[in-house]
Amino acid sequence: ASVKLLGDAVAGCFNEFSTAERSYKQLAFALGDTEAYHKVTSVIEHLSTQTRSSKGEIESMVSQLSALGKSAHEIESISSAAVHLSNVTGKDLNASMTTLLNTYAGTTTQLNRLGIDLNHVTKEELAQGAAIDVVIEKFGDYSRMMAEEDTSQHLTNMKNTWGDIKQHIGGIIDYNFGPWLRNLDVAFAGIKTNL
């Protein structure tokens, strides 16, 4: 039973590593720039301590933004604003991001309902992301304060940290056993062909 539990734990760590590794490789490919990649991954780490959304949800949001062709700076701004909007309003992270992306096309109705006055902002300014700056300015400090004082936020942070530890263990497993597994995979493919 102990060996089975250990095997399950090892497999879980390896799966978490594999999933994260693939996600980060896709992100690196989409950004196409090492400096931008490092900036965006540090944004993910920073924002994961400020929202009760899972780290995976933040990674997914960042991947979507990079797939839309947003720069590292835009990804940082939009992601931060989405986290603040989500914290203050209770909307989920993806809905908050969608609300913010809609402002680039001039749709500000939802933000206006939340008390964010964008009447003084021109369509050209909205197309350049002015609404994002307004959301960060209006909700940023309050959102950060909520995150610092919320016990459930600290529990989420601990869960994310445990997930990071499992990913690192999975990386060690991959480093030590990955080449062996790849050779075994090739051998199995050869057996299948021969059969």
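If I filter segment 18-41 for residues that are assigned to a helix (DSSP H, G or I), open to solvent by 40 Å² or more (accessible area, probe 1.4 Å), within 18 Å of VAL135 (Cβ to Cβ) and modelled with pLDDT of 80 or more, do I get at least one hit? For segment 18-41, residues assigned to a helix (DSSP H, G or I), open to solvent by 40 Å² or more (accessible area, probe 1.4 Å), within 18 Å of VAL135 (Cβ to Cβ) and modelled with pLDDT of 80 or more: absent. Identify all residues within segment 81-111 that are closer than 23 Å to LYS123 by Cβ, in contact (Cβ under 8 Å) with a residue 12 or more places away in the chain, open to solvent by 10 Å² or more (accessible area, probe 1.4 Å) and assigned to a helix (DSSP H, G or I); write none if there are none. Listed by number, the list holds a single entry, LEU101.
Quickly run through segment 43-68 and pick out the residues that are under 19 Å from ALA127 (Cβ atoms) and open to solvent by less than 60 Å² (accessible area, probe 1.4 Å). Across segment 43-68, the qualifying residue is only LEU65.
Filtered by the rule that a residue be modelled with pLDDT of 65 or more, farther than 15 Å from LYS55 by Cα and open to solvent by 70 Å² or more (accessible area, probe 1.4 Å), segment 138-167 gives LYS138, ASP141, TYR142, ARG144, MET145, GLU148, GLU149. Taking (1) touching a residue at least 24 places away in the same chain (Cβ under 8 Å); (2) assigned to a loop (DSSP other than H, G, I, E, B); (3) aliphatic (A, V, I, L, M) in turn, VAL62 satisfies each apart from (2). Scanning segment 81-100 for residues that are over 15 Å from the mean Cα position of the chain (by Cα) and among the charged types (D, E, K, R) yields one hit, LYS91. Filter segment 112-135 for residues that are over 18 Å from SER71 (Cα atoms), open to solvent by 20 Å² or more (accessible area, probe 1.4 Å) and outside any loop (DSSP other than H, G, I, E, B) and give the result. ASN112, ARG113, LYS123, GLU124, VAL134, listed by residue number.
Looking at VAL135, is it within 19 Å of the chain's Cα centre (by Cα) and either closer than 21 Å to SER42 by Cα or touching a residue at least 12 places away in the same chain (Cβ under 8 Å) (or both)?
Details: within 19 Å of the chain's Cα centre (by Cα): no; either closer than 21 Å to SER42 by Cα or touching a residue at least 12 places away in the same chain (Cβ under 8 Å) (or both): yes.
Judged against the criteria, VAL135 is not a match.
One residue stands out in segment 101-124 among those that are over 27 Å from the mean Cα position of the chain (by Cα) and among the hydrophobic types (A, V, I, L, M, F, W, C): the one that is farthest from ALA81 (Cα to Cα), namely VAL121.
The values are calculated or read from the model by the stated rules, or taken from the named source; none is laboratory data. Just so it is clear, the structure is predicted and the values come from calculations on it, not from any experiment. All Cβ positions, glycine included, derive from the backbone under ideal geometry; neighbour counts span all protein chains shown. Only protein heavy atoms, including side chains, enter the accessible area calculation; ligands, DNA and RNA are left aside. Shrake-Rupley method; radii C 1.70, N 1.55, O 1.52, S 1.80 Å.
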